[in-house]
1. Restricting the search to the stretch 75-118, which residues are open to solvent by 30 Å² or more (accessible area, probe 1.4 Å), assigned to a helix (DSSP H, G or I) and closer than 18 Å to PHE59 by Cα?
2. Please go through the stretch 243-259 and give me each residue that is at pLDDT 95 or above and not in a helix (DSSP H, G or I), ordered by number.
3. Counting residues that are at pLDDT below 95, which helices (runs of 4 or more DSSP H) fully inside the stretch 134-242 reach at least 3?
4. Check off (1) closer than 18 Å to ALA217 by Cα; (2) among the basic types (Lys, Arg); (3) out of contact with any helix residue (DSSP H, G or I) (no Cβ under 7 Å at 6 or more places or on another chain) for LYS358 and give me the number that stays unchecked.
5. Take the stretch 192-209 and flag every residue that is open to solvent by less than 60 Å² (accessible area, probe 1.4 Å), in contact with a Ser or Thr (Cβ under 8 Å, 6 or more places away or on another chain) and in contact (Cβ under 8 Å) with a residue 60 or more places away in the chain.
6. Among the residues of the stretch 222-230, is any open to solvent by 10 Å² or more (accessible area, probe 1.4 Å), free of Cβ contacts under 8 Å to residues at least 60 places away in the same chain and among the polar types (S, T, N, Q)?
7. Give all pairs with beta carbons closer than 7 Å in which a residue from the stretch 2-25 that is closer than 20 Å to LYS52 by Cβ meets a residue that is open to solvent by 50 Å² or more (accessible area, probe 1.4 Å) and part of a loop (DSSP other than H, G, I, E, B); count only pairs at least 6 apart in sequence or on separate chains.
8. Take the residues of the stretch 320-331 that are under 20 Å from GLY372 (Cα atoms) and either touching a residue at least 24 places away in the same chain (Cβ under 8 Å) or hydrophobic (A, V, I, L, M, F, W, C) (or both): which is surrounded by the fewest Cβ atoms within 10 Å (Cβ to Cβ)?
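The values are calculated or read from the model by the stated rules, or taken from the named source; none is laboratory data. Everything quoted here is computed from the prediction, not taken from an experiment. Positions of Cβ are backbone-derived with ideal geometry, glycine not excepted, and every protein chain shown enters the neighbour counts. Keep in mind that these areas ignore ligands, DNA and RNA; they rest on the heavy atoms of the full protein, side chains included. Shrake-Rupley method; radii C 1.70, N 1.55, O 1.52, S 1.80 Å.
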Amino acid sequence: MIKYLKDLDLKEKRVILRVDYNVPVENGKIINTKKIDDSFETIDYLVKERAKIIVLSHFGRIKTEDDKKDNTLKPIYDYIKSLNKYDILYSAVPMGDMLTTMANTLEPGQIVLVENTRFLDLNGNLESSNDIQLSMYWASLAEVYIDDAFASMHRFHSSITGIPKEIEEKGAGFLVEKEIENLKPLITNPNKPFTVIMGGAKLDDKIELIYSLAEIADNILLGGGIANTFLKASGYDIGSSLVSDESLAKAKAILAEFKDKIVLPKDVIVSPTYSQTYELKDLEDIVIDDMIGDIGSKTVEHFKSIIEKANTIFINGTVGKYEEKPFSNGTQEILNLAANSKAKTIVGGGDAGTAAKKFGYEEKLDFISTGGGATLSYIANRTLPGLTALEIADEEDNSKS
């Protein structure tokens, strides 16, 4: 069982709040504040409960001392401070006397944003290797642990899976609660027909997800580089198109077991290697130097006939190189069909979420996950390391022991 915010006694407690503030920053300026803004619902609740809040987040990767300059959370602190909404402090170190003193002297409703947890990766990879001593140190700062960083819950970090082992009172924030509420039905009891639309460049990190979804979905519509591998596995010549050779055998196995569920493109938009020309072709007409960049009109129509019958739709990835205008039509068409269907439509974050925003469908879809890899891992494995770390024994189970 996992507890959520309203299940916990937080009044004037010292609370570690794990968030995901890994946002795009250029020249010290935040390009997109959405991840930060999404955390405010949980922070507002904690402030209302007069909790003393210690905020942890990683930011980028720290391999050298110079990496610290570009991966500091100071711009995030400056942004939150500029809102004049919170009484917020900043700890320039993620571990040590300064942080310990700040955490122990916080006033009710006050916040301290702690510097990038991955600064501690520089000497010993402490955060990313789930160092037990680091976990125990952070746990010593608080009485309650709250994880509201769904997009990071697939990682075995000290701040994600380590701290909750050391703190008895723990739970998930509002953002994580919403993610589970929307994603769990996909893997437990989706409203049928359940249609999955999968795309993206690489198949290797999605092949297990496709297998997991094929067991419960009615149809899996494939596009992008993922479809290329399945097309090659089906015997088609795909020219010079991107393909995942490592996953070719698994693609053949999935096609053999779920041939009635896997739906491949009928036609595609191709561009000859090193050329600026584009052409719509049937699969049989692809030549050696053609590179597939998008699905074609026949494919869109075929996908449409399936999408219109769906009651649940899950979109992960894009069906073409949507960033390039000649290859953007397929992704736009799929998003439009899904947004205007009767189905509950869930987007698995990542490129699909970015494309939804780019083409104006963000508000027309039922739910866009904040996770990329975390969303895929949750659906494929039915849980996440960060969620497992939050689980506590059910009271009914305790009474039997």
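1. Going through the stretch 75-118, the residues open to solvent by 30 Å² or more (accessible area, probe 1.4 Å) turn out to be 77-79, 81-85, 87, 89-90, 92-93, 95, 97-98, 100-102, 104-105, 107-108.
From what's left, assigned to a helix (DSSP H, G or I): 77-79, 81-82, 97-98, 100-102, 104.
Listed by number, the residues that qualify are TYR77, ASP78, TYR79.
2. Within the stretch 243-259, just PHE258 meets the criteria.
3. Details: elements: 163-166, 174-188, 207-214, 224-233.
Helices (runs of 4 or more DSSP H) meeting the threshold: 174-188, 207-214, 224-233.
4. The failed condition is (1).
5. Hits for the stretch 192-209 are PRO193, PHE194, THR195, GLY199, GLY200.
6. no
7. LYS11/ARG50; GLU12/ARG50; LYS13/GLU143; ARG14/GLU143
8. Step one: of the stretch 320-331, the residues under 20 Å from GLY372 (Cα atoms) are 320-323, 331.
Add one more test, that the residue is either touching a residue at least 24 places away in the same chain (Cβ under 8 Å) or hydrophobic (A, V, I, L, M, F, W, C) (or both), and what stays is 320-322, 331.
Details: GLY320: 29, LYS321: 22, TYR322: 26, THR331: 29.
That would be LYS321.
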